[in-house]
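The structure under discussion appears below in the form of C-alpha cells.
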Amino acid sequence: MKNLFLLSVAICYSQLLIAGDISVLNQNYIIVSDEFSSEVPVGKCLVVGTIQETTFDYMTASREQVPLAGGLVSTLDRKKTATSDTDGKFKLLLDSKDTSLFFFKKSFEEIVIWKYIFKSQHKVTINFLPGINSAMMTVDKPVIYLYSDSELKTEIQFTCKGALTFTYPEYNDKWEITVNQNKITEIKSGKTYPYLFWEAETNELEFEIENQTMNGFLIKTDSVVVFLENSLATLGLNSTEQTDFITFWAPRIISKPYALVQFFIDDLYQEKISEMTITPTPDAIRRVFMMFTPLESEEINLTVLPQKLNSFERKGFTVVEWGGSEISTSNLIP
Amino acid sequence: MKKYFVGFLLLGALNSVHAESIMRNYYTVVSNEFNKDVKVGTCLLSGKVVDMNGNPIQSGTIANLDRSRSCITDAKGNYSMVLSSKDTAIFFYHENYGEIVIWKFEFKSQHQVVINFFSDEISDLPIMVEKPVIYLYSDTETDVEIVLNHDALSFTYPVYNKGWNVQTTSAGGLLDKSTGKEYPYLFWEACLTESRRQGKSNSLNYKSENNLVQGFLIKSDSTVSFLEHSLSKLGLNEKEQTDFITYWAPRMIQKEFAFVQFLVDEEYETSIAGLTVNPKPDSQRRIYMLFTPLEKPFVFLEYETQILPSFSRKGLTLIEWGGSELGNPQLVP
C-alpha cells in the first residue's frame, strides 16, 4: 500500500513541476525565488512563502492547492518561528547564519530544509507542500516467550496503549496456558505455541526526549544486524529470540541509510507500552520494546547519548517479551 | 436534480480531500431518467471512461458481473449498452487501468442512465518477496549446503554468501558454519515486480490456467482458522504455523475479504526462487502465499477452490514459507 501512496504523491508533484518555472530542491518544498533586497537589513534574510496542501476534486478529477493555515515554520533551534495565516502565508526574518528551516503542523508530514544559505540582505520565497501524515502507529508484533523447567499453569493479562488489532492465540481478557520448557499450551484448545502474540494501534508513542537530549542510538543502517545482535545479547535475549527480532525489524530499518533507535526496557515497557500481570509472578522477566525512525541524514536536532543497556539473568520461570514501533520523524519535532 | 445524485452523495462528502488519500478509480452517475423509448424490462446505459487526466480510455470493457452483457469503449471513451432491469451490478475493466465495480445499482425499467468512469493507469509496482524462512530438521546432526537461485536478495539472516552452510541440531535449530552461531531458521527477502501482464520476467501474479485460478476467497474474520486449517493440510507444524500466522494474519485482516492462493513446491520453485540443497532432503515442503485484501467479495478472475496437497515428514526435512501481498488479483477476464 505504501508504494501506491508514494506514487500518487509523486504524480501530483510532477504535475506541479510542469506548471511553473521554478527551481526545485525537494519534492515537498519549492524555492520560488532568492533575490537581493535592499530593504532587508545586513546580516538578515527575509523568508516569505505559502504553505499549501494538495486536495483532489472528485467531480472534475482535478488536483488543486489550497492554503494551509496554522503551519509552523521555524529554525531548528526554534529561536525564530512564524505561523501561516488563513491565506497560508508566512513571513520570517532569519539571521544569515541560519542554515536550516522546518515546517511542522500536526497530522501533516514535517519538511526540513537542510544546509540552505540564507544570504544577508536577501529575500527568499519558499513554498511548502506538505502531504498528510497518518498519525496511527502500530505497536508491532510484541511476542511473549515463557520458559519453565517444570510444567506450570499460568495466567496472563495485559492492557496496552491503543486498541488491540490482532492476538494469537486469541486473547479473551486473558491467556490461560501451561508452560513446559519453552512450549506454551493453551488450556482451552490444547494447542501448543512457541510464543504469545499481540499487536495494537496507537497514536500515543513518542521517544523519551528531555532538553533535546535522548538516550538512544543513531546508527548507520548497514550495521544494523551487528548493532541489534550486540544490543539484544546484552539485554539477555537468546538466539531464537534474537533471530525472531532481527528478521522482523532489520528489513524495515534498512529502508534508509540511518536510523534513530531507543529501547524501552522493563519498567518503561510496562508504563509506555503494555501493563502486564502474570500469575504466578515470574522469577525473571525481560521486556524490550524498540522505538525507531529511519532517517535520510544523520543530522538531527537532538543530542543522542548512548543508552545504557543492562543485562538480564534467566532463572526459574522466565518471561521474555519484545516488540517495537516505527516512529515518524515528526515526533522528533514536538 | 437531487435524485440523480445518489452516486454523488458519497463522493460529495469526499469532494475535497488530501492528495494522498486520492481515490484512484471511481464513477459518477450523471443522470438516471425515465425514457419511454427504452423497452420495458430493459435499461439503457451509456457514458464515458476517462483517465485521471481526462483522456479517453479506449477498448475498456463495461459488463454486468456474469458478462452476459458487455460492450467496449470507443476511441472517445464512449460506451453504450442495454441492460436488463434485473441487473444490479456492472464493472469497468481494462488491462492497463484500475477496475471499477458498481454494486447494487437499481437499473430501472425504461430508464436511461449515464455513468462516467474515472480510472487510473496501473503501474508495475515493486513487490516484496516477504520473509521466506527455511527450517531444516534431521534426527542426526547433518551438514547441509543451501543455495538460493535468486539474484535480488534484499536481506538475509544469517549472512548469505553464495550459499548457507549449516548443520542441523537435535533441537531443530541450525548451526551456521560461518558465524558459529545457532539459528532457529534461515531468512531471506527479495524484491520483484508485480505485473498483470503474464509471462513478464521477474514479475509475480496469481497463477492461472485457461483463465481459471485456484484459490480461496475468504472473509477476513475467519483468517486464522482458514490459515490453521490450510497450513495443517500442507503439513506445517504448530511452531511453523504460529510463525506464519503471526506474520501474515495481521496484514490479511486489513479489509473485510481477501483472495488467497498458495504456490506449493514446484510452483514455488519456478515462480519465486529455485533452491539447491545438498544433500537432497528426504522430504521438502515449500509454501508461498499470494494474497490481496478486498473490500468486496469479488474478483475479476474466474476461480475454483484450490486443492492443497498433503505432506509427510521423513528424514532430512526442509520446510520453507513466504508470501507477497498483491495489489491486483485481477487477470484478463
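Bear in mind these aren't lab numbers, they're just calculated from the coordinates by the rules spelled out. Small disclaimer: the values here were computed from a predicted structure and weren't measured. Every residue, glycine as well, gets a Cβ built from its backbone with ideal geometry; the counts of neighbours run over all protein chains shown.
Using a simple spin-label model with points 7 Å from Cα along the Cα→Cβ vector, what separation in nm is obtained for B:Lys39 and A:Ser223?
7.8
Tell me the angle of helix B:223-234 to the major Cα principal axis of chain B, expressed in degrees between 0 and 90 and rounded to the nearest ten.
Once rounded, one gets 50 degrees.
With springs connecting C-alpha atoms under 10 Å apart, model chain A as a Gaussian network and identify which of A:Lys123, A:Lys191, A:Lys256 has the largest mean-square fluctuation.
Highest fluctuation among the options: A:Lys191.
Considering chain B as a Gaussian network with a 10 Å cut-off on Cα pairs, which listed residue, B:Lys239, B:Lys280, B:Lys207, attains the greatest mean-square fluctuation?
Comparing B:Lys239, B:Lys280, B:Lys207 in the GNM, the peak value goes to B:Lys239.
On a straight-distance basis, which lysines could pair with B:Lys108 in a cross-link, Cα separation under 24 angstrom, same-chain partners fewer than 8 positions away excluded?
Within the straight-line cut-off, B:Lys108 pairs with B:Lys2, B:Lys3, B:Lys36, B:Lys39, B:Lys48, B:Lys86, B:Lys296.
Let me know the charge dipole size of segment A:202-334 about its Cα centre in debye, to the nearest 20, where only the beta-carbon of Lys, Arg (+1) and Asp, Glu (-1) is charged.
Roughly 280 debye, rounded to the nearest 20.
Anyone know which of A:Glu109, A:Glu204, A:Glu64 comes out most mobile in the 10 Å Cα GNM of chain A?
Top of the fluctuation ranking is A:Glu64.
How big is the dipole moment of the protein assembly as shown about its Cα centre under a simple scheme where the beta carbon of each Lys and Arg is +1, that of each Asp and Glu is -1, and everything else is neutral? Debye, nearest 20, please.
1360
What number, rounded to the nearest 500 deg cm²/dmol, is the helix-based mean residue ellipticity at 222 nm of chain B, given -39500 (n - 2.57) per DSSP H run of at least four residues and division by all its residues?
Calculated from helices alone, the mean residue ellipticity at 222 nm is -3500 deg cm²/dmol.
Work out the charge dipole of the protein assembly as shown with +1 on the Cβ of Lys and Arg and -1 on the Cβ of Asp and Glu about the Cα centre, then indicate which of B:Leu217, B:Ala171, A:Thr192 is farthest towards its positive end.
It is B:Leu217.
Go through A:Lys141/B:Lys181; A:Lys115/B:Lys255; A:Lys153/B:Lys177; A:Lys191/B:Lys181 and tell me which ones have a Cα-Cα distance over 32 Å in this structure.
Violating the 32 Å Cα-Cα cut-off are A:Lys115/B:Lys255; A:Lys153/B:Lys177.
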